[in-house]
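**Q** Take a look at the following structure, please.
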Amino acid sequence: DFPNSIDQVVGGFVPGQYEISFYAEQRDYSDSQEILSAYVGGVQLTFGGQTSVTPVGSGDSWTLYTSDAFTVSGTSEDLLFEGTATQGNDDAAFLADVSMQQVATPEPATLLLMGSGLLAVARRLRKK
């Protein structure tokens, strides 16, 4: 159980690599500061290698955050956001426009074709 969290089961996945994007902003109140962590299927996501984000701005200055790629193996997963107060006594962060998208991974044939092309270019440059 996460006391300062929201979660929902999301379905319709095809197993593969995904990333999550959302907008967030900090509540404009005194010295409050909230950090957000996200989990999919119980696994904590990273954002540029970091395990949480610290929303900035307030009023109407939303910031877009996108996770690093993660693996989904089932057709439905639990998506959870957890907020943690780091300072102040009335912390809150706001979320909007949460989306999950599959990350395109090149097929092996595409990689082979690209590698062959690079070798041909290298040979041509070497002959000159």
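**Q** Tell me the residue from Thr51, Thr105, Thr110 that is modelled with pLDDT of 85 or more and surrounded by fewer than 16 Cβ atoms within 10 Å (Cβ to Cβ), please.
**A** Answer to the selection: Thr51.
**Q** Being under 12 Å from the mean Cα position of the chain (by Cα) and either farther than 15 Å from Gln101 by Cα or hydroxyl-bearing (Ser, Thr, Tyr) (or both) is the filter here, so list the residues in the stretch 11-37 that pass it.
**A** Tyr18, Ser21, Tyr23, Leu36, Ser37
**Q** Within the stretch 8-37, restricting attention to residues that are modelled with pLDDT of 90 or more and β-branched (Val, Ile, Thr), which residue is least open to solvent (accessible area, probe 1.4 Å)?
**A** Ile20
**Q** May I pose another question? Within the stretch 52-85, track down each residue that is in contact (Cβ under 8 Å) with a residue 40 or more places away in the chain and in a loop (DSSP other than H, G, I, E, B).
**A** Matches in the stretch 52-85: Ser67, Asp68, Ala69, Ser73, Gly74, Thr75.
The values are calculated or read from the model by the stated rules, or taken from the named source; none is laboratory data. Remember, predicted model here, so these are calculated numbers, not experimental data. Glycine gets a Cβ as well: all are built from the backbone with ideal geometry, and neighbour counts include every protein chain shown. When the accessible area is computed, the model is the full protein with side chains, heavy atoms only, and any ligands, DNA or RNA have been set aside. Shrake-Rupley method; radii C 1.70, N 1.55, O 1.52, S 1.80 Å.
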